[in-house]
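> I'd like to ask some things about the structure below.
The values are calculated or read from the model by the stated rules, or taken from the named source; none is laboratory data. No experiment lies behind these values; they were computed from the predicted model shown. Ideal geometry is used to build each Cβ from the backbone, glycine not excepted, and the neighbour counts take in all protein chains shown. Just the protein is used for accessible areas: all its heavy atoms, side chains included, with ligands, DNA and RNA removed. Shrake-Rupley method; radii C 1.70, N 1.55, O 1.52, S 1.80 Å.
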Amino acid sequence: MSKNVSDFLVERLYEWGVKRIFGYPGDGINGIMGALNRNPDKLEFIQVRHEEMAAFMACAHAKFTGEVGVCLATSGPGAIHLLNGLYDAKLDHQPVVAIVGQQKRAALGGNYQQEVDLVSLFKDVAHEYVQMASTPAQMRHLLDRAMRIAQSERTVCCIIIPNDIQEMEAQTPSHEHGTIHSGMGFQAPRTVPHSEDLQRAADVLNAGDKVAMLVGAGALHATAEILEIAELLGAGIAKALLGKAAVADDIPYVTGSIGLLGTKPSYDMMMNCDTLLMVGSSFPYSEFLPEEGHARGVQIDINGRMIGIRYPMEVNLIGDSAQTLRSLIPLLHKKEDRRWRHRIETQVAEWWETLEARAMTPAHPINPQRVFWELSPRLPDNCIITCDSGSAANWYARDVKIRPGMMASLSGGLATMGPGVPYAIAAKFAYPERVAIALVGDGAMQMNGINELITIGKYWQRWSDPRLVIMVLNNRDLNQVTWEQRAIEGDPKFEASQDLPDFPYAQFAELIGLGGFRIDQPEQLGNAWDRALSADRPVVLEIYTDPDVPPLPPHITFAQARAYASAILQGDPDSAAIIKASFKQLFA
Ligand SMILES: Cc1ncc(C[n+]2csc(CCOP(=O)(O)OP(=O)(O)O)c2C)c(N)n1
Ligand SMILES: [Mg+2]
């Protein structure tokens with residue numbers, strides 16, 4: 001029997017090393033579904049509840065494995081649903097290939113049902129490569145190029161396949177004028193700066209007395225080099241959110257996260273350093289970096305587009321972080337004066353005490369910080385942590401103490417709600433033997449996490465270690481934004497937009513065969529984490545937390561304090577409770 005275009009596609013994906021496709025069916029892709037069905041030994045198809053989740057999973061697969069993540073959706077509505085997850089991948093520079101169906105070629109331009117101009121729809125998110133097949137012979141190079149460009153540019157690529165083409169006989173391009181003869185394979189190159197540029201960078205770093213390092217996602221594979229350089233330079237290391245797993249939090253000179261969700265030692269280090277070394281990060285908030293002119297700067301990034309946009313750096317090095325740092329090491333002099341390092345270590349030690357005191361401050365009923373504080377010592381070796389956008393991201397950034405061997409991620413660039421649960425599902429498929437933990441708000445659960453529990457219910461028995469904990473911060477509030485309204489806008493909480501209905505997350509989990517515990521007393525926390533982390537199945541750990549504990553930035557500016565006070569004076573419905581909770585925080 002001759003092979004059709006869809007069989008060819010599935011085989012070619014397999015040859016590219018793809019093992020799994022996250023997707024949702026529809027008549028726009030029935031040809032591809034048929035081929036997946038005929039080739040069960042080649043690709044595993046993972047059925048999600050919503051196409052956006054498939055795109056989040058493809059993004060997470062890329063983040064956690066370094067491989068291309070692949071998602072599949074039908075024409076029209078399915079394709080449209082993918083978008084937010086694809087933007088998440090694009091903004092966090094992850095290689096993802098989206099394969100989508102389209103109506104028959106003969107119907108296009110005819111205002112046909114589900115006919116959406118998909119090339120235009122994906123033109124921004126997949127700007128590096130979005131193509132629609134118009135004849136079977138294109139299939140080979142469309143896929144080869146999408147797979148290669150996704151990796152080479154670290155971005156999202158999209159191929160659109162009209163459903164009649166999916167069923168046509170596969171064709172190899174003939175040897176003639178106007179044909180394309182593509183092949184497979186992508187190996188990342190070795191990228192290191194020229195030696196004179198490395199020397200200029202070393203001169204800047206050697207001249208400084210107070211060096212601050214900021215590391216991001218691009219440094220995740222450069223842990224040893226980062227630590228060696230920090231030792232030589234007597235530097236402290238701050239971490240952008242996506243770089244949380246780059247260095248462990250128990251290292252005395254790691255100042256932790258930076259920015260609105262950051263720590264005071266990171267803030268103080270940036271405000272007082274004389275030299276900034278930024279590695280693999282596009283951390284956006286320049287007000288948390290030194291003031292222009294106050295420090296000399298060196299930046300390292302694999303992507304020349306991402307360099308020199310947050311601080312006017314003196315030396316910009318384009319290169320792989322690990323290799324570039326390795327090449328820098330022999331050029332650096334060990335700083336003998338360790339006073340700066342000592343000062344950072346003292347501040348870090350004090351900060352951990354402050355965090356513990358804040359976490360242990362009583363609240364009504366449970367202080368959310370304590371949830372994260374109690375988790376840290378219980379984190380299983382090699383676990384994979386995912387976090388959603390919301391107040392959880394503050395406590396994840398500040399309180400969770402990551403150790404070597406763990407992985408952790410969230411939506412950094414897009415900061416979208418919703419990836420916490422699907423990221424954890426993708427982590428379990430990629431590493432079924434590792435424990436995954438998703439830290440998610442009740443708003444994000446209601447947005448899509450609850451539905452994706454159904455996906456967990458469907459698949460968890462495939463995982464060799466079934467442990468997956470979905471921790472839900474049940475605060476009945478879109479809390480992060482409620483605090484932004486208060487602290488940044490100076491407005492009181494707008495109950496109509498912020499209050500969330502309660503929902504029995506844990507009970508729902510139990511209803512569908514998962515584990516579920518709901519706790520509302522702080523003393524239960526340790527035991528609840530222990531039980532959830534040793535359960536014989538995935539567990540929803542629902543924690544009834546206090547929405548009045550403010551996710552305070554590391555330093556509150558005068559303007560924010562004034563806005564905050566004005567929100568309270570204007571009659572915020574929670575004002576009395578907030579005043580109590582924030583004073584307790586500040587003086588903890
Ligand atoms: C898709 C999307 N919609 C809206 C927002 C704005 N936003 C950011 S955090 C947040 C609140 C999240 O609430 P919840 O999940 O309950 O977490 P909490 O802050 O209450 O802990 C909102 C609405 C967003 N980032 N993404
Ligand atoms: Mg909430």
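> Can you tell me which aspartates and glutamates have their Cα less than 13 Å from the Cα of Lys334? Leave out same-chain residues fewer than eight positions away.
Output for Lys334: Asp203, Asp209, Glu228, Glu231.
> Taking the Cα centre of the chain as origin and charging only Cβ (+1 Lys, Arg; -1 Asp, Glu), how large is the dipole, in debye to the nearest 20?
Roughly 760 debye, rounded to the nearest 20.
> Same structure again: Dividing the Cα convex hull volume of the range 172-308 by residue count, how many Å³ per residue is that?
Hull volume over Cα atoms, normalised by residue count, gives 168 Å³.
> How big is the C-alpha Rg of the range 39-148 next to the rule-of-thumb value 2.2 N^0.38 Å, as a ratio?
For the range 39-148, the normalised Cα radius of gyration comes out at 1.06.
> Give the span of the range 433-489's Cα atoms along each principal axis, as three whole-Å numbers ordered largest to smallest.
48, 20, 14
> Moving to a separate point now. So how many Å³ per residue does the convex hull of the Cα atoms of the range 293-348 work out to?
Output value, Cα hull per residue: 127 Å³.
> Using only Cα atoms, locate the centre of the range 267-335 and the centre of the range 367-444, then give the distance between them in Å, rounded to an integer.
Result: 27 Å between the Cα centres.
> Starting from the 7 Å offset along Cα-to-Cβ, what nm value, one decimal, do you get for the label separation of Asp536 and Ala106?
In this crude spin-label approximation the distance works out to 5.8 nm.
> With equal scatterers on the alpha carbons only and no solvent term, can you work out the Debye log10 of I(q)/I(0) for the range 341-386 at 0.25 1/Å?
-0.90
> Would you pull out the residues with amide H under 5 Å of Gly515's amide H, same chain only if 5 or more places away, H placed 1.01 Å from N?
Those qualifying (amide H under 5 Å, at least 5 residues apart or on another chain) are Val539, Val540.
> Just to make sure I understand: if all protein chains stay in place, what is the order of Lys90, Lys580 by accessible area at 1.4 Å, largest first?
I get Lys580, Lys90, largest accessible area first.
> Another one. If amide H atoms are built 1.01 Å from N in the plane of the peptide, which residues on other chains or at least 5 residues away come under 5 Å of the amide H of Ala408?
Residues meeting the amide H criterion: Ala245, Ile385.
> Label points 7 Å out from Cα along the Cβ direction at Glu15 and Asp502: separation in nm?
Modelled inter-label distance: 5.9 nm.
> Here is a follow-up. Lys/Arg Cβ at +1, Asp/Glu Cβ at -1, dipole of the chain taken about the Cα centre: which of Ala245, Pro193, Ile568 is farthest positive-ward?
Pro193
> Separate question: What residues have an amide H closer than 5 Å to that of Gly297, excluding those fewer than 5 places away on the same chain, when H is modeled at 1.01 Å from N in the peptide plane?
Sorted by chain and number, the residues that satisfy this are Leu276, Glu314, Val315.
> Within a Cβ distance under 15 Å of Ala357, other residues only, what is the Lys/Arg minus Asp/Glu net charge?
0
> A follow-up question, please. To the nearest 10 degrees, how steeply does helix 339-360 sit against the main Cα axis of the chain, on a 0 to 90 scale?
For 339-360 against the chain, the angle is about 80 degrees.
> Just the number, please: percent antiparallel of the DSSP beta bridges in the chain, rounded to the nearest 5.
That works out to approximately 5 percent antiparallel.
> Something else about it: Counting every Cα pair in the range 504-555, what percent are over 13 Å apart?
In whole percent, the long-distance tail amounts to 62.
> Mind giving me the FRET efficiency for Ala357 and Glu523? R0 is 30 Å, r the Cβ-Cβ distance, nearest 0.05 is fine.
0.95
> Please name which of Val549, Gln102, Ile318 has its Cα lying farthest along the dipole of the chain towards the positive end, using unit charges on Cβ (Lys, Arg +1; Asp, Glu -1) and the Cα centre as origin.
Going by the charge dipole, the pick is Ile318.
> Under a no-solvent Debye model with one identical scatterer per Cα of the range 102-179, what's log10 I(q)/I(0) at q = 0.14, 0.23, 0.28 Å⁻¹?
-0.52, -1.10, -1.24
> So how tilted is helix 558-569 from the main axis of the chain? Cα-based, degrees 0 to 90, rounded to 10.
Roughly 90 degrees between the two axes.
> Within the range 75-99, name every residue whose backbone N is under 19 Å away from a label modeled 7 Å from Cα of Ile180 along the Cβ vector.
Backbone N within reach: 96-99.
> If the cut-off is a Cα-Cα distance under 13 Å, which aspartates and glutamates reach Lys428, setting aside same-chain residues fewer than 8 apart in sequence?
Leaving aside aspartates and glutamates fewer than 8 places away in the same chain, those within reach of Lys428 are Asp465.
> Return the sequence-ordered ³J(HN,Hα) values of the range 509-522 in whole Hz as given by the Karplus equation 6.51 cos²θ - 1.76 cosθ + 1.60 applied to θ = phi - 60°, using x for Gly and Pro.
4, 5, 4, 9, x, 9, x, x, 10, 10, 10, 9, 10, x
> Size of the range 3-64 along its principal axes in angstrom, Cα-based, largest extent first?
32, 26, 16
> Can you give me the pair-distance distribution of the range 95-141, C-alpha pairs, 5 Å bins, whole percents?
Using 5 Å bins, I get a P(r) of 5, 17, 28, 25, 19, 6, 1 for the range 95-141.
> What net charge do the residues around Val192 carry, taking every other residue with its C-beta under 15 Å from that of Val192, with Lys and Arg at +1 and Asp and Glu at -1?
Local net charge: -2.
> Okay, moving on. Can you list the aspartates and glutamates whose alpha carbon is less than 19 Å from that of Lys19, not counting same-chain residues fewer than 8 positions off?
Asp7, Glu11, Asp41, Glu44, Glu51, Glu67, Asp144, Glu433
> Next up: For the chain, I need the span (max minus min coordinate) of the C-alpha atoms along each principal axis, in Å, sorted largest to smallest.
Projected onto its principal axes, the Cα set of the chain covers 74, 63, 45 Å.
> Taking θ as phi - 60°, what are the ³J(HN,Hα) couplings along the range 393-399 by the Karplus curve (6.51, -1.76, 1.60), each to the nearest whole Hz, with x for Gly and Pro?
5, 5, 6, 4, 5, 8, 8
> Given the pairs Lys42/Lys63; Lys493/Lys584; Lys90/Lys210, which span a C-alpha to C-alpha distance of over 24 angstrom in this model?
From Lys42/Lys63; Lys493/Lys584; Lys90/Lys210, over 24 Å: Lys90/Lys210.
> Suppose R0 equals 35 Å. What FRET efficiency, 1/(1 + (r/R0)^6) with r the Cβ-Cβ distance, do Ile251 and Val119 give to the nearest 0.05?
0.10
> Measure out, as a whole number of angstrom, how far apart the alpha-carbon centroids of the range 10-34 and the range 88-147 sit.
Comparing the Cα centres of the range 10-34 and the range 88-147, I get a distance of 14 Å.
> What are the ³J(HN,Hα) values, in whole Hz, obtained from phi via the Karplus relation 6.51 cos²θ - 1.76 cosθ + 1.60 with θ = phi - 60°, for each residue of the range 237-254 in sequence order, with x given for Gly and Pro?
10, 9, 10, 6, 3, 6, x, 4, 8, 5, 9, 6, 7, 8, 6, x, 9, 8
> What do you get for Rg/Rh of the range 446-588 when both radii come from the Cα atoms and Rh is the Kirkwood radius?
1.07
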